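First the structure, in the form of structure tokens, and then the observations on it.
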Amino acid sequence: MKSVLVVEDYPSLQTLYKFALQKAGYAVDICDDSETALRMTAQRAYDVILLDLLLRRGSGLGFLKAFKQRHLPKASQPKIVVISNIKHPAVAKEADRLGATAYYVKSSSSPKDIAQAVDNATRDKGAA
Amino acid sequence: MEVYDLSAELTGREEFTKRVSVYIKLRWLLLSVLGITGLTTVYYNKASNVQIETVLLLSGIAIFTNLLFELAIRLEKRRLSFNFYVATALLIIIVDIAIFSAVVYSGGGSISRAVLLYTIPIVIAGGLFNRLYIYFTGGLCVLFYMAMLILAEVRLTGALPAIGLVVQGAFYACVLMVIAYLTDYLYTIKHNKEVERAQTELVSLASHQLRTPATAVKGFLSFLLDDELGTLTPSQKDFARQAYAENEIQLRLIDNILNVARIDLQSLHFEPRVGDISQLAQEVIEEHAGAIKRRGQTVTFHGAGNLKAVFDTQLLRMVLDNLISNASKYCGQGGRLVVAVKSYPKSIKVSVEDNGAGIAPADQKQLFKRFSRVGRGQSDRTPGSGLGLYLARELMRLHNGKIEVVSYPNEGSVFTITLPRKAKANG
């Protein structure tokens, strides 16, 4: 079973993404800050990280920066799908530069869309 | 790039105490330069009025006071008394004015170019305090300078300064006040920019905070509508659908408010690129297809494929989204919408037509004003913020284009946006 780490600090959205991803057949772990996310990704190799940008402690971009510095071999790199309500193109570009696979605006994507995005990311990972 | 990381922002008090500490550190540098300059003048220019005792005395006072300030700041850091920092900063400024007056005095009184040293405390006062303190410091500099001028003249001639010297002194005093004015002016510009930036950040953050719970509501409703938690009865489904539609309106409203605030603050991100406007129009129609169908309406699209123009996709999408959403809202059950994209030698026009209630001529001028809620048939029952068309007009202005309306009561309305062909694209 493929695994997803959801880094999201809003409890209702945690519930929704977990529900949608479990329904799509993924094993889901959840955390709500970038520090815990870094610790969890050091302990377990996830297939996909679903990453919010504005977190209560730390930020998604901070996580991306720190994660990039690990210089993991390409084969063991998880795909990182950013989910945020920030619609600023400069932020999306920065996330892309720091290694995000895709960027989704939460308010215009249903949890099903997000699960589909995770599907696409795992397919890309399989192809890579 | 870190965004919205407000925790990294310093509060006003912390920023002030940090600046006082920096000022004390800069003072070490400044005093070293002044001391070396004084000693060099004494050594190489025997004819100057500067005496070795004066240089040593001033340097000694300066070093002693700075040591005191440095020590006091280090001791005070444990308690962080804000008033202490304010008093220390004021005291440093006054001591500096006194030291600079002594430098001017020993350097030849009114004819000394060292008078420009007074600029330093004025600029520092601007960096630490508000405009009142800038003029207070400027006035204090003038007072010290005048006193120094009289003292120097009495010491040299035994009499009060002659009229020529008074005029010269007055001139320098005016220069100092002009410097105070310029300092105030520059700091005001800087301050205004900081306030604008803070407002933009606040609006962005507030809009994000509003959007998050609305997004969650949308997610929960989408599961109910998709029968993921069991089949709903038709009336339950109808209510869930209405709640979903209201939620969409709420999200659009948040976006509109955010973008109007960004326009006001001139912080809207505008990135025009070459794109296919026909495709964009069709995408927006597709997004509204569900709502149009629910209202029993039809929509027709006329337009050539692959019609290139220069525009910011996100912003123009917002304009078309507002126009098509309005057309559907106001033309009522069973209405007809026509979206057309036409190419002209100098421009491209996109029109959105409906056969709704239309808008009275007197109301048409009010349409594009902020928070305008003019009578449009069912408008009393139709939700809207009065921001959509205002936003559309502002966004078209940003594209050097325009938006127009032709409407007849009981016949319908045609909203047309015009994009110039000769626009400059980024990238």
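The values are calculated or read from the model by the stated rules, or taken from the named source; none is laboratory data. Predicted model only: the values in this text are computed from it and were never measured. All Cβ positions, glycine included, derive from the backbone under ideal geometry; neighbour counts span all protein chains shown.
Among the residues that make up segment A:66-83, is at least one of them facing chain B (nearest Cβ under 9 Å) and under 30 Å from B:Leu315 (Cα atoms)?
Within segment A:66-83 (the criterion being facing chain B (nearest Cβ under 9 Å) and under 30 Å from B:Leu315 (Cα atoms)), the answer is no, since none of the residues qualifies.
Restricting the search to segment A:89-112, which residues are under 12 Å from the mean Cα position of the chain (by Cα) and at the interface with another protein chain (Cβ under 7 Å from one of its Cβ atoms)? Steps first, answer last, please.
First, pick out the residues of segment A:89-112 that are under 12 Å from the mean Cα position of the chain (by Cα): A:95, A:99-104.
Hits for segment A:89-112: nothing passes.
Would you be able to tell me the number of residues in segment B:179-207 that are away from chain A (no Cβ under 14 Å) and under 29 Å from A:Asp113 (Cα atoms)?
Going through segment B:179-207 one residue at a time, the tally reaches 0.
Could you please tell me which pairs satisfy a Cβ distance under 6 Å, a separation of 6+ or placement on different chains, a first residue in segment B:208-222 that is more than 7 Å from chain A (Cβ to nearest Cβ), and a second residue that is part of a helix (DSSP H, G or I) and of a type in the set (Val, Ile, Thr)?
What qualifies is B:Leu210/B:Ile254.
Results for (1) farther than 23 Å from A:Leu98 by Cα; (2) aliphatic (A, V, I, L, M); (3) within 10 Å of the chain's Cα centre (by Cα), shown as yes or no for each residue.
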site: A:Ser3; (1), (2), (3): no, no, no
site: A:Leu13; (1), (2), (3): yes, yes, no
site: A:Ala20; (1), (2), (3): yes, yes, no
site: A:Ser34; (1), (2), (3): no, no, no
site: A:Met40; (1), (2), (3): no, yes, no
site: A:Gly58; (1), (2), (3): no, no, no
site: A:Ala75; (1), (2), (3): no, yes, no
site: A:Ile80; (1), (2), (3): no, yes, yes
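Restricting attention to segment B:289-330, which residues are modelled with pLDDT of 85 or more, assigned to a loop (DSSP other than H, G, I, E, B) and not charged (D, E, K, R)?
Selection gives B:Gly296, B:Gln297.
Which residues, taken from segment A:29-86, are farther than 21 Å from A:Ser109 by Cβ and basic (Lys, Arg)?
Hits for segment A:29-86 are A:Arg39, A:Arg44, A:Arg56, A:Arg57, A:Lys65, A:Lys68, A:Arg70, A:Lys74.
Okay, residues lined up against (1) within 14 Å of chain A (Cβ to nearest Cβ); (2) modelled with pLDDT of 60 or more; (3) surrounded by 13 or more Cβ atoms within 10 Å (Cβ to Cβ):
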residue: B:Asp5; (1), (2), (3): yes, no, yes
residue: B:Thr11; (1), (2), (3): no, no, no
residue: B:Phe16; (1), (2), (3): no, yes, yes
residue: B:Val20; (1), (2), (3): no, yes, yes
residue: B:Tyr23; (1), (2), (3): no, yes, yes
residue: B:Leu30; (1), (2), (3): no, yes, yes
residue: B:Leu39; (1), (2), (3): no, yes, yes
residue: B:Asn49; (1), (2), (3): no, yes, yes
residue: B:Ile52; (1), (2), (3): no, yes, no
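Could you give every pair whose Cβ atoms fall below 8 Å, whose first residue belongs to segment B:85-100 and is touching a residue at least 40 places away in the same chain (Cβ under 8 Å) and closer than 19 Å to B:Thr17 by Cα, and whose second residue is small (Gly, Ala, Ser) and not in a helix (DSSP H, G or I), counting only separations of at least 6 or pairs across chains?
Sorted first by the residue in segment B:85-100, then by its partner, the list stays empty.
Just give me the residues in segment A:31-64 being touching a residue at least 60 places away in the same chain (Cβ under 8 Å) and surrounded by fewer than 22 Cβ atoms within 10 Å (Cβ to Cβ), in sequence order.
Initial filter on segment A:31-64 (touching a residue at least 60 places away in the same chain (Cβ under 8 Å)): A:47-48, A:50.
Passing the criteria: only A:Asp47.
Anything in segment B:151-174 that is among the hydrophobic types (A, V, I, L, M, F, W, C), buried (at least 16 other Cβ atoms within 10 Å of the Cβ) and more than 17 Å from B:Ala114 (Cβ to Cβ)? List them, or say none.
B:Val166, the sole residue that qualifies.
All but one of (1) buried (at least 20 other Cβ atoms within 10 Å of the Cβ); (2) touching a residue at least 24 places away in the same chain (Cβ under 8 Å); (3) hydroxyl-bearing (Ser, Thr, Tyr) hold for A:Tyr103, so report the exception by its number.
(2)
Here is a check on your reading of the model: is B:Lys237 surrounded by fewer than 16 Cβ atoms within 10 Å (Cβ to Cβ) and either under 29 Å from B:Val338 (Cβ atoms) or free of Cβ contacts under 8 Å to residues at least 60 places away in the same chain (or both)?
Details: surrounded by fewer than 16 Cβ atoms within 10 Å (Cβ to Cβ): yes; either under 29 Å from B:Val338 (Cβ atoms) or free of Cβ contacts under 8 Å to residues at least 60 places away in the same chain (or both): yes.
Yes: the conditions hold for B:Lys237.
How many residues, within segment B:248-264, are closer than 11 Å to B:Tyr390 by Cβ and within 12 Å of chain A (Cβ to nearest Cβ)?
So the count comes out to 1.
I need the full set of residues from segment A:1-33 which are within 14 Å of chain B (Cβ to nearest Cβ), part of a loop (DSSP other than H, G, I, E, B) and over 24 Å from A:Leu61 (Cα atoms), in order please. Walk me through it before giving the result.
Filtering segment A:1-33 for residues within 14 Å of chain B (Cβ to nearest Cβ) gives A:6, A:8-24, A:32-33.
Next cut, part of a loop (DSSP other than H, G, I, E, B) only: A:8-10, A:24, A:32-33.
Listed by number, the list holds a single entry, A:Ala24.
Considering each residue of segment B:223-234, count those that are surrounded by 15 or more Cβ atoms within 10 Å (Cβ to Cβ) and more than 10 Å from every other protein chain (Cβ to nearest Cβ), and give that number.
2
Suppose the filter is under 24 Å from B:Val405 (Cα atoms), more than 14 Å from chain A (Cβ to nearest Cβ) and either of a type in the set (Val, Ile, Thr) or not in a helix (DSSP H, G or I) (or both); does B:Val274 pass it? Break it down into steps so the answer makes sense when it comes.
Working: under 24 Å from B:Val405 (Cα atoms): no; more than 14 Å from chain A (Cβ to nearest Cβ): yes; either of a type in the set (Val, Ile, Thr) or not in a helix (DSSP H, G or I) (or both): yes.
No; evaluated as a whole, the condition is false for this residue.
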